[in-house]
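Asker: My questions all concern the structure below.
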Amino acid sequence: MNNSVSNTARLLWAGLRALLVLTLVNGVIYPLAVTGIAQGLFDDKANGSETEADGKVVGSSLIGQAYNLPLKKGQETPEPDLKWFQGRPQNGLGTNGVNTRYKLILSGATNRSGDNADLIKWVKDAKAAVVKDNSVPGHRVKPAEVPADAVTSSGSGLDPDISPQYAKIQVHRVAEKNNLPVDKVEKLVKDHTEGRTLGFMGEPRVNVLELNIALKELIKGN
């Protein structure tokens, strides 16, 4: 009986010691080491890839933002503020009940097959809106010029980037709305166009938040 109690106590003490050691190593030492390395070598990325403007954090370069006008009385869907470059559609091309305005609590997109009637209608309506919004006196956007990312949501619904082509077709509208020379806005897009990662991964892209921050500075200096 005494041996049984003694063996049980010894095993419990050994298990407790193992628990304490593993908790210290995996729960304290390892997280501190990883955090220290991340802060020392990649502090910007470790802190959420924060983007600053006028000395304040205004967002993350990894998460898209909405550029909309305030809701009017009785209005449920906000209208885009057309003086700013616009990102990809935010609502999964239809109400998905998950992420309708770049909300960070949940993210997601509405998935439909390529021949789905609702998807076809959403894309056609989105393309018509892109053409209408970005056509200004003296410059009309052709439907064939509208790229796929202008009329489709990303898988997460939080994509911060757009294609250079989508940024390009917005140039004349942004210039007209802000009384800016077209060539200056074109240069702004060119300066904020990133190539493929390591030269072969992904596609060329433009970060909308960073582009709009630069646009704001251009408007101030104009």
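The values are calculated or read from the model by the stated rules, or taken from the named source; none is laboratory data. The shown structure was predicted, so the numbers you read here are calculated from the model rather than taken from an experiment. Methodologically, a virtual Cβ is constructed for each residue, glycine included, from the backbone with ideal geometry; neighbour enumeration extends over all protein chains shown.
Per-residue answers, yes or no, for (1) in contact with a Ser or Thr (Cβ under 9 Å, 6 or more places away or on another chain); (2) modelled with pLDDT under 80; (3) of a type in the set (Ser, Thr, Tyr); (4) assigned to a helix (DSSP H, G or I):
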{"site": "6", "(1), (2), (3), (4)": "no, no, yes, yes"}
{"site": "14", "(1), (2), (3), (4)": "no, no, no, yes"}
{"site": "26", "(1), (2), (3), (4)": "no, no, no, yes"}
{"site": "35", "(1), (2), (3), (4)": "no, no, yes, yes"}
{"site": "45", "(1), (2), (3), (4)": "no, yes, no, yes"}
{"site": "51", "(1), (2), (3), (4)": "yes, no, yes, no"}
{"site": "57", "(1), (2), (3), (4)": "yes, no, no, no"}
{"site": "74", "(1), (2), (3), (4)": "no, no, no, no"}
{"site": "95", "(1), (2), (3), (4)": "yes, yes, yes, no"}
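Asker: Still on this structure, please answer the following. Out of the stretch 114-138, which residues are outside any helix (DSSP H, G or I) and farther than 17 Å from residue 83 by Cα? Break it down into steps so the answer makes sense when it comes.
Answerer: Of all residues in the stretch 114-138, those outside any helix (DSSP H, G or I) come to 114-116, 135-138.
Those that are outside any helix (DSSP H, G or I) and farther than 17 Å from residue 83 by Cα: 114, 115, 116, 138.
Asker: Can you name the number of the only condition in (1) surrounded by fewer than 17 Cβ atoms within 10 Å (Cβ to Cβ); (2) assigned to a loop (DSSP other than H, G, I, E, B); (3) of a type in the set (Gly, Ala, Ser) that residue 154 fails?
Answerer: All conditions pass for residue 154, except number (1).
Asker: On to the next question. Taking residue 10 as the residue in question, decide whether it is outside the structural domain of residue 214 (by TED's automatic domain parsing), basic (Lys, Arg) and modelled with pLDDT of 90 or more.
Answerer: Criteria not met by residue 10.
Asker: How many residues are in a helix (DSSP H, G or I) and either aliphatic (A, V, I, L, M) or buried (at least 17 other Cβ atoms within 10 Å of the Cβ) (or both) if we restrict to the stretch 159-215?
Answerer: Within the stretch 159-215, residues that are in a helix (DSSP H, G or I) and either aliphatic (A, V, I, L, M) or buried (at least 17 other Cβ atoms within 10 Å of the Cβ) (or both) number 24.
Asker: Is it the case that residue 141 is closer than 21 Å to residue 79 by Cβ, touching a residue at least 24 places away in the same chain (Cβ under 8 Å) and assigned to a loop (DSSP other than H, G, I, E, B)?
Answerer: In short, yes.
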